[in-house]
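Single-structure report; data block below.
The values are calculated or read from the model by the stated rules, or taken from the named source; none is laboratory data. Treat the numbers as computed from the prediction; the structure is a model and nothing was measured. Positions of Cβ are generated from backbone atoms using ideal geometry, with glycine treated the same way; all protein chains shown enter the neighbour counts. Each accessible area value is taken on the protein alone, full model and side chains, heavy atoms only, with ligands, DNA and RNA left out. Shrake-Rupley method; radii C 1.70, N 1.55, O 1.52, S 1.80 Å.
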Amino acid sequence: MFTNHIKIAFRYLRNHKSFTAVNILGLTLGFFCFFLLNAYVLKETSFDLGQEQVFRLLQKTMDENGTVREMALSPPKVGAESKRLFEEIENQTQILHIGRANFGNDPATMHHQEVAVLDDNFLKVFDFPLVEGTKDDLIDRPNGIILTESIKELYFGQQQALGKILKTSFGEYPVAGVLEDFPENSHLENAAFFSHQMASEVFSWFDEFMSSNWSNNQLITYFKVLPGTDLDVLGKKITALTRENYPVDKMFNNTFWVQPVQDIHLYENEVESEINKGKGNGLYVRLFFWVSILILLVACFNYAGLLNIAFIDRAKEIGLRQIVGAGKLHLLWQFLSESLLLISISMVLAYSFLWVLQPLVQNWFSTTLDLTVVPLDGILLMLASGLFLSVLSVVYPFWLIIRSGVSSSIKNTISISSKLPFRRFMLTFQFIAVVTFVTASFVFNRQMDFLENKELGFKKEGLATVDINSGILRGQFEAIKSEFLRIPEVSSVTVSSRVPGEWKYIPMVKAKRNGQSMADAKDMLFLGADKDFLKTFNINLLAGSNFSGTPSDSSKVLINDAAALTLGLENPVGQFIEIPFVNYGGSNENLEKPFQAQVVGVVKDFQIEDFRTSIKPLVIGNWNNPLHSIDYYTLQIETADWSKTALTLKEVNDSFDPQTPIELNILNDKFARFLKQDREHFKLLNFFSVIVVFLACMGLFAMSGFVAKSRTREIGIRKVLGSSVAQLLYLLSKDFVKLTLIGLVIATPITWYLLKRWLSDFAYHIDFQWWMIALAGLVSLALTLLTVSFQSTKAATINPAKSLRSE
């Protein structure tokens, strides 16, 4: 019986090519978007799966001014003593980030690598395999380097590295083990790792720091916790333990808590000094999940609408089958078979397109999506949605036709109300989706344009930075600057500790006016620079003077407008400020002697961080300040051949320090990374908006045809009685216009809330105004009238004699 149903279904679909093509197109688009977006959502929510009992230690700190910071760093004794005292902690491991160092036995393959210190417990807490060596090897060779596989290949190729010597900035050490690269869906980043014993040999302060420090936040701590542990209680116990052992001369206002590592990737709060490779955005993940649901629903509703029309056309066929003995259940199974076949074909096509377009898809999302494997829950969801859609699209219209009786079916005089609640609901839902998507695309477009054209307070075009990665490049900076300036394409060079668009941590200081108490000290960013900084970056000096280029500049600072306002300085030039604390990414560190500095100039505010962050108060010390040494050369370059200019810059670098490879970055590219994720998601949203509008128009076209067909006899009578084509167009279109307006009314608060929330994530954004939604409503109304008018005109111009022939 089932085989017979399938054969008949194939025959019907083959004989009705237009109907089949339109339905398959709509469903394939819907399933394609649904599969694609759910693959992305699945990827983003799969980070660190398999590490269910591993937790990261976080802390919130509050300073004297009430400033709250959330950080991933903690003192070394907190993790070690928590493991010793609290039985619910099965094990603990800590990672100490050292910075970057040069690695390589051959100058041609020398690279800068991130360096961190691992303890012996790392592989007891995390389940990562070793590709070279064993856990016992790490114990037997404690004074060695642990590499991840891709980093090992940079220096040893495909050869085995275990036990071989690797030269570093700190000396020559053996490779103690090679870890398999951390999975792409891990928050951990590949790096070169030192063992504790090696760190003890390289850094004189290491042993004392690790064995006694309760207050200096420098390590990222992970716990492996026993199942069933009350995490809130554990956090309180760790907080109490730290408070008991905290130095009495320091204020303790910290709260510790533990976070599952699976939550790190999409954690929405800003966490200082965390390891979070490719940090995700939970808002976009939720957005694309609901976008996938909306697109699938729109496609399904369209299919149901098109099938309604098909059933009206097939009413006579159903009546004849009943006359020759076909039972209702037999007929129902026949139509369900046709529907399931069409849905199955669409699903297979959608997944096939997804697999074929995999390289393009990876480029869209800038990540690797595993499209070759469909998880069990995904298969069950597809089967359930296919079955539900088949029942939804077949049972209801089939029941309407059967209810009308065989006589009405034979005469093709099925009476179906044009005001069916389900039909109205489907159309209203589609109008809501169209208004929401069109508004979102418009607002996203304007916000991206606003940010890309935003005044930064300096000129970033033509700026390139060269990292200072050795003492030679730092100590001879004046001579190196002179050599850079000899290059014809270079018009200006400056040195600084940090640069706008910074990709490293920018030190924070506490600054106050002379005579103020510590409670009045304010948080400010700090960077050191020479006298050419303002010229190279084209930053406006609003008051006072620039650095003079003399040794006395060491006690002089420039501040930005925001700093002058924060410090309450109406006439800041010539006044003195005091900096007693500095924070390099962990805890506030007391300076041996507070930095007393005179403000010699005020500069215009300029963007130095992400666009989601407002411009902060900034103190610019001279390059020879006591807080932070220089870390970059920045060059103003005008060239038509960047590759040639880069080679010339490399020659200058190598002439001073051939052992340290040049690290060149274009500042424009660094700023572009701030918007990279948003720009990619914006392009995707545009694509899916077009899909939604296209599917909605298909559904509207189907529904307007359904209504016109169900009112054919009424239209004929009205024409005989003298109604004009315009009056008939109004008659057939008014319900659709009403539903469009209802959809606009419902979509307005939803769209307003979602987009206001998205815009609030940016420190600088456009004003979201009512006319943006109104414009989307006009687009929706225009599409409605254009689509409906085609079917309405077709119905209104039919000869009344033809439409009334059956009477």
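Right, residue 482: among the small types (Gly, Ala, Ser) and within 38 Å of the chain's Cα centre (by Cα) or not? Break it down stepwise before answering.
Values: among the small types (Gly, Ala, Ser): yes; within 38 Å of the chain's Cα centre (by Cα): no.
Taking the combined requirement at face value, the residue does not satisfy it.
Considering only region 240-250, state which residues are part of a helix (DSSP H, G or I) and either touching a Cys at 6+ places or on another chain (Cβ under 6 Å) or in contact (Cβ under 8 Å) with a residue 12 or more places away in the chain (or both).
241, 242, 245 - these are the residues of region 240-250 that are part of a helix (DSSP H, G or I) and either touching a Cys at 6+ places or on another chain (Cβ under 6 Å) or in contact (Cβ under 8 Å) with a residue 12 or more places away in the chain (or both).
Out of region 732-757, which residues are of a type in the set (Asp, Glu) and buried (at least 20 other Cβ atoms within 10 Å of the Cβ)?
Of region 732-757, the ones of a type in the set (Asp, Glu) are 735.
The answer is none; no residue qualifies.
Being among the basic types (Lys, Arg), within 21 Å of residue 54 (Cβ to Cβ) and either under 35 Å from the mean Cα position of the chain (by Cα) or exposed (fewer than 14 other Cβ atoms within 10 Å of the Cβ) (or both) narrows it down to one residue among 135, 152; which is it?
135
For region 507-522, how many residues meet the condition of being part of a loop (DSSP other than H, G, I, E, B) and open to solvent by less than 10 Å² (accessible area, probe 1.4 Å)? Spell out how you get there, then give the answer.
So in region 507-522, the residues part of a loop (DSSP other than H, G, I, E, B) come out as 507, 514-517, 521.
Then drop every residue that is not open to solvent by less than 10 Å² (accessible area, probe 1.4 Å), which leaves 507, 521.
Total satisfying the criteria: 2.
Before we move on, is residue 154 assigned to a helix (DSSP H, G or I), over 22 Å from residue 218 (Cβ atoms), of a type outside the set (D, E, K, R) and in contact with a His (Cβ under 7 Å, 6 or more places away or on another chain)?
Values: assigned to a helix (DSSP H, G or I): yes; over 22 Å from residue 218 (Cβ atoms): yes; of a type outside the set (D, E, K, R): yes; in contact with a His (Cβ under 7 Å, 6 or more places away or on another chain): yes.
Yes: the conditions hold for residue 154.
Tally up the residues in region 37-72 that are assigned to a strand (DSSP E or B), buried (at least 22 other Cβ atoms within 10 Å of the Cβ) and either among the aromatic types (Phe, Trp, Tyr) or at pLDDT below 85 (or both), please.
Count: 1.
Hey, could you check region 198-239 for residues that are out of contact with any Phe, Trp or Tyr (no Cβ under 9 Å at 6 or more places or on another chain), assigned to a helix (DSSP H, G or I) and open to solvent by less than 40 Å² (accessible area, probe 1.4 Å) and say which is nearest to residue 122 (Cα to Cα)?
210
Which of (1) crowded, with 20+ Cβ neighbours inside 10 Å; (2) modelled with pLDDT under 85 does residue 34 not meet, given it meets every other one?
Going through (1) crowded, with 20+ Cβ neighbours inside 10 Å; (2) modelled with pLDDT under 85 one by one, residue 34 breaks only (2).
Hey, among the residues in region 768-803 that are out of contact with any helix residue (DSSP H, G or I) (no Cβ under 7 Å at 6 or more places or on another chain) and at pLDDT 85 or above, which one's farthest from residue 718 (Cα to Cα)?
Top of the filtered list is 769.
Can you report the number of residues in region 85-103 which are part of a strand (DSSP E or B) and among the acidic types (Asp, Glu)? Reasoning before the result, please.
First pass over region 85-103, keeping only residues part of a strand (DSSP E or B): 89-103.
Applying the additional criterion that residues be among the acidic types (Asp, Glu) yields 90.
Selection size over region 85-103: 1.
Can you tell me which residues in region 464-501 are of a type in the set (Ser, Thr, Tyr) and either assigned to a helix (DSSP H, G or I) or within 26 Å of residue 560 (Cα to Cα) (or both)? It would help to see each step written out before you state the result.
Step one: filter region 464-501 for residues of a type in the set (Ser, Thr, Tyr), giving 465, 470, 482, 491-492, 494, 496-497.
If the condition is that a residue be of a type in the set (Ser, Thr, Tyr) and either assigned to a helix (DSSP H, G or I) or within 26 Å of residue 560 (Cα to Cα) (or both), then 465, 482, 491, 492, 494, 496, 497 are the ones that fit.
Which residues, counting only those in region 545-581, are open to solvent by less than 30 Å² (accessible area, probe 1.4 Å), assigned to a loop (DSSP other than H, G, I, E, B) and at pLDDT below 90?
Scanning region 545-581 gives a single hit, 569.
Got a sec? Which of 298, 258 is out of contact with any Cys (no Cβ under 7 Å at 6 or more places or on another chain) and part of a strand (DSSP E or B)? Spell out how you get there, then give the answer.
On the way: 298 fails: part of a strand (DSSP E or B).
Being out of contact with any Cys (no Cβ under 7 Å at 6 or more places or on another chain) and part of a strand (DSSP E or B) holds for just one of 298, 258, which is 258.
Is it fair to say residue 685 is open to solvent by less than 60 Å² (accessible area, probe 1.4 Å) and within 30 Å of residue 432 (Cα to Cα)?
Yes, satisfied.
With the checklist (1) open to solvent by less than 30 Å² (accessible area, probe 1.4 Å); (2) in a strand (DSSP E or B); (3) of a type in the set (A, V, I, L, M) in hand, flag the one item residue 542 doesn't pass.
(1)
Search region 284-309 for residues being over 29 Å from the mean Cα position of the chain (by Cα) and among the aliphatic types (A, V, I, L, M), and hand back the single one that is nearest to residue 41 (Cα to Cα).
Result: 304.
Report whether or not residue 618 is under 26 Å from residue 513 (Cα atoms) and within 31 Å of the chain's Cα centre (by Cα).
Taking the combined requirement at face value, the residue satisfies it.
Going by what's in this entry, would residue 608 be described as of a type outside the set (Ser, Thr, Tyr) and under 28 Å from residue 673 (Cα atoms)? Working first, answer last.
Details: of a type outside the set (Ser, Thr, Tyr): yes; under 28 Å from residue 673 (Cα atoms): yes.
Considered against the rule, which asks whether it is of a type outside the set (Ser, Thr, Tyr) and under 28 Å from residue 673 (Cα atoms), residue 608 comes out as yes.
Okay, residues lined up against (1) at pLDDT 90 or above; (2) open to solvent by less than 20 Å² (accessible area, probe 1.4 Å); (3) among the charged types (D, E, K, R):
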site	(1), (2), (3)
423	no, yes, yes
433	no, yes, no
443	yes, yes, no
449	no, no, yes
452	no, no, yes
463	yes, yes, no
466	yes, yes, no
